[in-house]
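The values are calculated or read from the model by the stated rules, or taken from the named source; none is laboratory data. For clarity, every value in this text was computed on a predicted model and none was experimentally measured. Backbone-built Cβ (ideal geometry, glycine too); neighbour counts: all protein chains shown. Heads up: the accessible areas ignore ligands, DNA and RNA and are worked out on the full protein's heavy atoms, side chains in. Shrake-Rupley method; radii C 1.70, N 1.55, O 1.52, S 1.80 Å.
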Amino acid sequence: MEQQTKLDRLFTVTEVAKYLRLSKSQVYLMIAQRRLPYIRLSERRIVISETDLKKWVEANCFRVTTPDGK
């Protein structure tokens, strides 16, 4: 049986900005500082994979809990 590989969805900088509720310039700055994983398709075309974005959000998410643990 042949195994199929599911292609990851690729987000544009605009889509990532909307998803993270940031400006496009903030996303570009994070990319320039190598704080956000990205794929450069050409000199002017940058995308971020859905898997990488989800991993990044999870790794950079700080959950606040109350003293009772909720």
Hey, does the range 15-27 have a residue that's free of Cβ contacts under 8 Å to residues at least 24 places away in the same chain, surrounded by 10 or more Cβ atoms within 10 Å (Cβ to Cβ), of a type in the set (F, W, Y) and in a helix (DSSP H, G or I)? no
In the range 53-70, residues that are surrounded by 17 or more Cβ atoms within 10 Å (Cβ to Cβ) and not aliphatic (A, V, I, L, M) total 1
I need every pair where a residue in the range 40-58 that is over 14 Å from L7 (Cβ atoms) has its Cβ under 9 Å from the Cβ of a residue that is open to solvent by 100 Å² or more (accessible area, probe 1.4 Å) and of a type in the set (K, R), sequence separation at least 6 or different chains. I46/R40; W56/R35
All positions within the range 30-50 that are surrounded by fewer than 12 Cβ atoms within 10 Å (Cβ to Cβ) and under 14 Å from E15 (Cα atoms): R45
